[in-house]
Amino acid sequence: MIDIAVVDYGMGNLRSVSKALEHVAPDKRVVVTSDPADIAAAERVVFPGQGAMPDCVRELDARGLRQAVISAAADKPFLGICIGLQLLFDHSEEGNAAGLGILPGNVKRFADADMVDASGARLKVPHMGWNEVYQSHAHPLWNDIADGERFYYVHSYYVVPQEVAIEVGYSNYPKRFTSCIARDNIFAVQFHPEKSQHAGLKLLSNFVVWDGRP
């Protein structure tokens, strides 16, 4: 039996994700896998990723994982991380790439013209480092995590959901952008919980016991 499957499509720091899950759930079997059968059999699925969107899509298809991920996102507790969030949407400006189309919306790049803070200083892209995450709506994965808690980011693109109601968290850089979404059994974040110390481990711990209901 596989308690948690971490989807391996050749992109991302899978070891740090799996080790963080093992830390918060030592009694659970965590498997990093590129086997669609493992993903189908798992009780819950984590869909992480780093790198360029077109490369991620290509590798996902090359390993025959597209349908496995779509099916998992339809019926079991599902956590997307970083590119694993962006891939859920229809389209990305990065490489003019189509996503999986599980959620309606697009992925956009931080606009250079907006990269100025309140003091007039230039901000860099990618957005890299710690930033506050504000909770738009209550959700079981926010349990015992303070509103405005800091999480760790590394990204140049952000999601723009068509359905505003699925946003459950946001950050500012310098303008507000959606950093967390939830719909039914899906929860996905732009930041890296596995690199976010106590708050990130708490979010992963909440995911491990989440029943997949809002």
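Side notes on the structure shown:
- Karplus-derived 3J(HN,Hα) values for the stretch 187-192, using 6.51 cos²θ - 1.76 cosθ + 1.60 with θ = phi - 60°, are 9, 9, 9, 7, 7, 10 Hz; glycine and proline are entered as x.
- Under 5 Å between amide hydrogens, built in the peptide plane, is the criterion, and for E149 it picks out V133 among residues at least 5 positions away or on other chains.
- Summary of the geometry: the stretch 77-97 and the stretch 125-144, compared by the centres of their Cα atoms, lie 17 Å apart.
- The angle separating the long axis of helix 14-24 from the principal Cα axis of greatest extent in the chain is about 70 degrees.
- Annotation: lysines with alpha-carbon distance below 16 angstrom to K175 (same-chain offsets under eight excluded): K108, K124.
- The chain - percent relative contact order, Cα under 8 Å, separation 6 or more: 20 percent
- Accessible area in square angstrom per residue, the stretch 28-118, 1.4 angstrom probe: 39 Å²
- FRET efficiency estimate (nearest 0.05) - Cβ-Cβ, D3 to D114, R0 41 angstrom: 0.45
- The residues of the stretch 121-170 present an accessible area of 52 Å² per residue when probed at 1.4 Å with all protein chains retained.
- Angstrom value of the Kirkwood radius, inverse mean 1/r, which spans all Cα pairs in the stretch 37-169: 16.3 Å
- Nearest 10 degrees, 0 to 90: helix 66-75 Cα axis against the chain principal axis: 90 degrees
- With R₀ fixed at 25 Å, the C-beta to C-beta distance from R122 to N96 puts the FRET efficiency at about 0.40.
- Whole-percent carbon and sulfur share, accessible surface of the chain, 1.4 Å: 48 percent
- Cβ crowding within 10 Å averaged over residues, with 96-109, 42-55 ranked highest first: 42-55, 96-109
- Degrees between helix 197-209 axis and first principal axis of the chain (Cα, 0 to 90, nearest 10): 40 degrees
- Label-reachable residues, the stretch 183-214, where backbone N falls under 16 Å from a point 7 Å from A165's Cα toward its Cβ: 183-186, 214
- For the stretch 39-116, the spherically averaged projection of the C-alpha convex hull amounts to 5.6 nm².
The values are calculated or read from the model by the stated rules, or taken from the named source; none is laboratory data. Keep in mind the model is a prediction, meaning the values are calculated, not measured. Cβ coordinates were reconstructed from backbone atoms using ideal geometry, including for glycine residues, and neighbour counts include every protein chain displayed. Note: accessible area is taken over every heavy atom of the protein model, side chains too, but ligands, DNA and RNA are not part of it. Shrake-Rupley method; radii C 1.70, N 1.55, O 1.52, S 1.80 Å.
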